[in-house]
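Here is the structure we will look at, set down as structure tokens.
The values are calculated or read from the model by the stated rules, or taken from the named source; none is laboratory data. Small disclaimer: the values here were computed from a predicted structure and weren't measured. With ideal geometry, Cβ positions are generated from the backbone for all residues, glycine too; neighbour counts draw on all protein chains shown.
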Amino acid sequence: MVEKNSANHHRHSIRMKGYDYSLAGAYFVTVVAYQRSSIFGEVANGEVKLNRYGSIAFQQWIRLGKGSKHSSFPTFIIMPNHVHAIVCIVRGAGVEFEYKFSGNTPLHPYHIPIATPGSLGAIVRAHKASVTSRINVLRRKTEPPIWQRNYYDHIVRNEKEYEYIWIYIEYNPINWSDDKLNLFPANVQYQESN
């Protein structure tokens, strides 16, 4: 067995410790491209212009939403180097996908395996994997990676927060020049492979 050098491996979870991410609820998710490269397109005049890779990322969110009985994505946007989405997880047959806030979002610890099917992590992993496999076929290589290793999430606690996040997502292209994920405001772009 090969021992890993712990000085070189600093993988710490950024998830809320002990929280059950398969619980019904709304989650704001940000998934960032590897090294924040503008792999998915550009923003011009306040509008996102997706390239081939961005179109793949867009189509895979749509496909993932259509294939799920227990989750929906009421809004999402593919930006040049990241994806923002609201992910709603629901449980039970015949449940409407419109998530209703009950005011008692459970934030107490649960002990649950990380790879629970239908959990937020499983949903994000499925999207990242499907986008990666399709882009890698187009570019005929697997390096550099498409995504950063992790993703950011925020548990949406009430309707007001939900509405604020929805507006933030919708206006993200207009505010691109001020976006902290925009490393190249002067329109330096990721080059697609042919």
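Please work out which residue is modelled with the highest pLDDT, limiting yourself to the stretch 115-140 and to residues that are within 15 Å of Tyr27 (Cβ to Cβ) and outside any helix (DSSP H, G or I).
Of everything passing the filter in the stretch 115-140, Ser119 is modelled with the highest pLDDT.
Can you pull out every residue in the stretch 136-154 that is more than 17 Å from Asn81 (Cα to Cα) and of a type in the set (A, V, I, L, M)?
Val137, Leu138
For the stretch 158-184, name all the residues that are assigned to a loop (DSSP other than H, G, I, E, B) and at pLDDT below 90.
Correct list: Asn175, Asp179, Lys180, Leu181, Asn182, Leu183, Phe184.
Select from the stretch 29-65 the residues that are without any contact (Cβ under 8 Å) to a residue 12 or more places away in the chain and of a type in the set (Lys, Arg) and list them in ascending order.
Within the stretch 29-65, Lys49 is the sole residue that qualifies.
What is the number of the single condition among (1) over 21 Å from Leu138 (Cα atoms); (2) buried (at least 17 other Cβ atoms within 10 Å of the Cβ); (3) of a type outside the set (A, V, I, L, M, F, W, C); (4) at pLDDT 90 or above that Glu47 does not meet?
(2)
Given the structure, is Ile155 modelled with pLDDT of 70 or more, surrounded by 13 or more Cβ atoms within 10 Å (Cβ to Cβ), of a type in the set (Val, Ile, Thr) and part of a helix (DSSP H, G or I)?
No.
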